[in-house]
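Engineer: My structure is below; once you've seen it, I'll send some questions.
The values are calculated or read from the model by the stated rules, or taken from the named source; none is laboratory data. The shown structure was predicted, so the numbers you read here are calculated from the model rather than taken from an experiment. Neighbour counts run over all protein chains shown; Cβ positions are idealised from the backbone, glycine included.
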Amino acid sequence: FDKNQPFTLGAGATSIAWFDSATPLRSGWAVGQDKLKGTVAIADADLGRGKLFAMGTEVTQRAQPYATFKLLFNGILYGPAVAAER
């Protein structure tokens with residue numbers, strides 16, 4: 001998570017992936033991980049008649065785990081979806 005953007009959510013946005021503790025790292029070492037507590041890595045929001053997926057983590061870099069590709073491809077497949085009327 002080097003130089004990636006964590007988010008704090010406003011009204012109308014939903015968190016998909018978030019940091020729920022001051023020590024989210026499972027292995028290795030990290031500097032400043034305590035600053036991530038309470039922030040969101042991936043969020044979605046209705047934007048007009050569509051959806052916006054904001055991904056602060058790098059989901060396309062070759063060194064990322066294969067599981068992150070699901071986030072990218074599901075966002076692309078969901079792209080043409082129409083948000084429900086409120």
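Engineer: Output yes when any residue across the stretch 15-24 is part of a loop (DSSP other than H, G, I, E, B), over 18 Å from G75 (Cβ atoms) and polar (S, T, N, Q), and no when none is.
Structural biologist: Yes; the residues of the stretch 15-24 include at least one that is part of a loop (DSSP other than H, G, I, E, B), over 18 Å from G75 (Cβ atoms) and polar (S, T, N, Q).
Engineer: Could I ask something else about it? Scanning for something modelled with pLDDT of 75 or more, assigned to a loop (DSSP other than H, G, I, E, B) and of a type in the set (A, V, I, L, M, F, W, C), does the stretch 69-80 turn up at least one residue?
Structural biologist: The answer is no, given that none of the residues of the stretch 69-80 is modelled with pLDDT of 75 or more, assigned to a loop (DSSP other than H, G, I, E, B) and of a type in the set (A, V, I, L, M, F, W, C).
Engineer: Can you pull out every residue in the stretch 26-38 that is aliphatic (A, V, I, L, M) and under 16 Å from the mean Cα position of the chain (by Cα)?
Structural biologist: L36 - this is the single residue of the stretch 26-38 that is aliphatic (A, V, I, L, M) and under 16 Å from the mean Cα position of the chain (by Cα).
Engineer: I would also like to ask the following. Would you point out the residue of the stretch 39-59, among those that are assigned to a loop (DSSP other than H, G, I, E, B) and within 13 Å of the chain's Cα centre (by Cα), that is modelled with the highest pLDDT?
Structural biologist: Initial filter on the stretch 39-59 (assigned to a loop (DSSP other than H, G, I, E, B)): 39, 48-49, 56-59.
Going one step further and asking which of them are within 13 Å of the chain's Cα centre (by Cα), we end up with 39, 56-59.
Details: T39: 89, G56: 82, T57: 75, E58: 73, V59: 72.
By that ranking, first place goes to T39.
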